[in-house]
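Q: Got a structure for you, questions after.
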Amino acid sequence: MIRFSPLLLALAIGSLAGCDQSSSPATPQAKIVSTARYGATVNADRLIFADPREWLSHGRSYDEQRFSPLDQINADSISSLGLAWYADMDTSRGQEATPIVVDGALYVTTAWSNVKAFDAKSGKLLWAWDAKVDRSKGVDACCDVVNRGVAVWNGKVFVGTLDGRLVALDSATGELVWEKMTVDTTKPYTITGAPRVIKGKVIIGNGGAELGVRGYVSAYDAETGEMNWRFYTVPGNPEDGFEQPELEEAAKTWKGKWWEQGGGGTVWDSVAYDPELDLLYIGVGNGSPWNQAIRSPGGGDNLFLASIVALDPDDGSYRWHYQTTPGETWDYTATQHIILANLEIDGEERRVIMQAPKNGFFYVIDAITGKLISAEKFVPANWATHVDLETGRPVEMAEARYEKTGKPFIVYPGPQGGHNWHPMAFNPETGLVYIPAREQSTGYVSDPNFEASIRGWNTGIDFAKGAALIRSSSDAVRPRQSYLKAWDPVAQKERWRVPQPDPGQTSGILTTGGDLVFMGNAGGEFVAYHAQTGERLWSHITQAAVVAAPSSYVIDGEQYVALLVGSRGLPEAGPGAIGATTDKSTNNSRLLVYKLGGPATLPNKVIKLKTASGQSDRPAPPPVTASNETIAHGEQVYGRYCSVCHGPTAVSPDVGTFPDLRHSPRIGSNEAWASVVMKGELAEQGMVSFAPSISDSDADAIRHYVISRANQQD
């Protein structure tokens, strides 16, 4: 899967000295190294070779393919796959981590950046570490207090915490080795992505673009925690000088005083590394604010927003970049999964990068030079007609530039993207990329009254008017749907697709040498599909919605598949909609581990989510007493400050995690409402005071808007 130079090949072979290689991947024999010191021998040699019997890094190997060559579990044997063991998680928030398995231990993070280590065969808890994140920090997390996993290297487990720390733990005991604050704590930075360790350096980015920060990625010494280098993705104030020489050129692509609002460009997820080319690849996020007319009045490409950037891993110096969405204005991040692979294109083997970012185009890029090879739509997209292969630039639809025309426009994909953070996977045996794709539309309307805020989303978009535009323009709206799509990256064509039960949700993917594709879903299932045809071969009820990606490994000659389950709230539709609750988690967050002949079963205690009439038993809402002007104002303020967690039209998408405000007993009393919204009564649960950003009258207008929504049928 990786073209090794002679030196790297020698290193890889040397790393296997004394390791039994007589078994094929079909019947692997486990060699658990140094079980007394879990992860003690993880180093560059092991990560380059990426022994298929373990899952050593976030995407299994440096190339992030999420392909396991293991084939003991295959299309013929899958029918006997059963649950080997499970472990309850002690949180009811979203679970997004990929399990890392090395030297007989399985490491996973949970929401709130906590870490747990298990015996990978028995499921015995080895240790647990509490990040002790202040729950009020949850207000800075754009999309829940999630964490996508750890990195393991030389006896240490590394995790980035929601409050911006990079932490090293002893891999055998979970004891703290060192920790470093990687962000300015006066600004609303967060970390939700998984770190990577490359050449002894821990690579970590951050999030917070919607709240007005400036993006960068940093490298820290894995042994000492000292920072080795930092690469900024957005230029700062030119009067202060530039941290990197290329930022001076990047600044020429910006207008106005972008630095006063941060600029965005956070590196919050995707990282890949090619050990032969010795290049580190990062994906850069959206602008802050989204609306380019506010962020960079007068336009410009706004480098390095929405770009893949290649860096030297030794010093973080710039090598090349490719920008997927110049001058982005729709939240079209390029932080989505980056995959490295060898593809035969026009009779020539090429080392390429593949990415399916939010904007709806699938990109194949030369990994050496950054030159675009091909780009085609993998989902419907109306913001651009195509990508010009000569210039590498999209050919935009003028109407989609709402911030230039001054006219509202329904754009697809919307800000959730044709593909978001949920990892896709590449199977080199089938030659296909498996994408968790979705289709949805969003009404983009410039906010004429925009003012930067420390608590609200600094998008420059009027969400209330955008939602109204969608409601009144049904003929122009793409039907919401999600599906697993098999994509041929050479032909740039779809080979097959499988619809998913929730039109707005997808989950991460694993593909294997057993001709399988594994994917969970929001309907409470874990499903295996045939990698060649998409035929559904096997499923298991998870009793929880799934968004995370699985991993696979071998212990004592048996192949396992591990999956962390639990999204924001229980499944409301699909086979797993009625499930058990745990004592620790209202959304049934668990680690599920499967093997052939697995004998375990989940608890069968059943709860009823809804009444027989299809509606939960709730009291009648208070009557609408406010004026239309007050309600309209409340809708506007709600859209900016409340909609991300509580739903864009005051209909919570995650009941059980975020309350549906329409049914809150507090909406009948301004005093009870203000005690939460303005005084922070529930700050320890993540609902901090919004007094620094909104007035008392704003808060009461929000309450009246929620009351009006509670009296409507939808």
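The values are calculated or read from the model by the stated rules, or taken from the named source; none is laboratory data. Everything quoted here is computed from the prediction, not taken from an experiment. Positions of Cβ are generated from backbone atoms using ideal geometry, with glycine treated the same way; all protein chains shown enter the neighbour counts.
Q: At least 1 residues that are surrounded by fewer than 21 Cβ atoms within 10 Å (Cβ to Cβ) in each: list the strands (runs of 3 or more DSSP E) lying fully within the range 71-149 that qualify.
A: Qualifying strands (runs of 3 or more DSSP E): 81-88, 115-119, 125-129.
Residue-wise test of (1) within 30 Å of Ala452 (Cα to Cα); (2) touching a strand residue (DSSP E or B) at 6+ places or on another chain (Cβ under 7 Å); (3) at pLDDT below 80; (4) basic (Lys, Arg).
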{"position": "Val606", "(1), (2), (3), (4)": "no, no, yes, no"}
{"position": "Gly614", "(1), (2), (3), (4)": "no, no, yes, no"}
{"position": "Ala620", "(1), (2), (3), (4)": "no, no, no, no"}
{"position": "Tyr638", "(1), (2), (3), (4)": "yes, no, no, no"}
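Q: Please enumerate the residues belonging to the range 183-201 that are assigned to a strand (DSSP E or B) and within 19 Å of Val133 (Cβ to Cβ).
A: The answer is Thr190, and nothing else.
Q: Step by step: first the residues of the range 313-327, then only those that are in a loop (DSSP other than H, G, I, E, B) and touching a strand residue (DSSP E or B) at 6+ places or on another chain (Cβ under 6 Å), then the one that is farthest from Lys252 (Cα to Cα). Which residue is that?
A: Looking at the filtered set, the residue picked out is Pro313.
Q: Using the structure shown, decide if Glu399 is touching a strand residue (DSSP E or B) at 6+ places or on another chain (Cβ under 6 Å) and crowded, with 20+ Cβ neighbours inside 10 Å.
A: no
Q: Could you check the range 82-101 and list, in sequence order, the residues that are more than 18 Å from the chain's Cα centre (by Cα) and under 21 Å from Ile555 (Cα atoms)?
A: Correct list: Gly82, Leu83, Ala84, Trp85, Tyr86, Ala87, Val101.
Q: Next question. Output the residue which, of all residues in the range 333-363 that are charged (D, E, K, R) and outside any strand (DSSP E or B), is surrounded by the most Cβ atoms within 10 Å (Cβ to Cβ).
A: Lys358
Q: Here's a follow-up. Hey, among the residues in the range 488-516 that are of a type in the set (D, E, K, R) and in a loop (DSSP other than H, G, I, E, B), which one's farthest from Phe526 (Cα to Cα)?
A: Asp515
Q: Would you confirm whether any residue within the range 519-530 is assigned to a strand (DSSP E or B), crowded, with 21+ Cβ neighbours inside 10 Å, free of Cβ contacts under 8 Å to residues at least 60 places away in the same chain and of a type in the set (Phe, Trp, Tyr)?
A: yes
Q: With the checklist (1) of a type outside the set (Gly, Ala, Ser); (2) crowded, with 24+ Cβ neighbours inside 10 Å; (3) more than 18 Å from Glu399 (Cβ to Cβ) in hand, flag the one item Ile461 doesn't pass.
A: Of the numbered conditions (1) of a type outside the set (Gly, Ala, Ser); (2) crowded, with 24+ Cβ neighbours inside 10 Å; (3) more than 18 Å from Glu399 (Cβ to Cβ), the odd one out for Ile461 is (3).
Q: Regarding the range 432-442, can at least one residue be identified that is under 25 Å from Gly263 (Cβ atoms) and touching a Phe, Trp or Tyr at 6+ places or on another chain (Cβ under 8 Å)?
A: Scanning the range 432-442 turns up at least one residue that is under 25 Å from Gly263 (Cβ atoms) and touching a Phe, Trp or Tyr at 6+ places or on another chain (Cβ under 8 Å).
Q: When Arg393 is evaluated against the numbered criteria (1) crowded, with 19+ Cβ neighbours inside 10 Å; (2) closer than 18 Å to Gly287 by Cβ; (3) not hydrophobic (A, V, I, L, M, F, W, C), which criterion, by number, is the only one it fails?
A: Result: Arg393 passes all but (1).
Q: For a quick check of your reading of the model, give me the residue pairs whose first member lies in the range 546-570 and is at positive phi and buried (at least 24 other Cβ atoms within 10 Å of the Cβ), whose second is polar (S, T, N, Q) and not in a strand (DSSP E or B), with beta-carbon atoms closer than 7 Å and at least 6 apart or on different chains.
A: Cβ pairs passing all conditions: Gly566/Gln95; Gly566/Ser585; Gly566/Asn587; Gly566/Asn588; Gly566/Ser589.
Q: Determine whether the range 416-436 contains at least one residue that is hydroxyl-bearing (Ser, Thr, Tyr), more than 24 Å from Asn342 (Cα to Cα) and either crowded, with 21+ Cβ neighbours inside 10 Å or touching a residue at least 24 places away in the same chain (Cβ under 8 Å) (or both).
A: No, every residue in the range 416-436 fails to be hydroxyl-bearing (Ser, Thr, Tyr), more than 24 Å from Asn342 (Cα to Cα) and either crowded, with 21+ Cβ neighbours inside 10 Å or touching a residue at least 24 places away in the same chain (Cβ under 8 Å) (or both).
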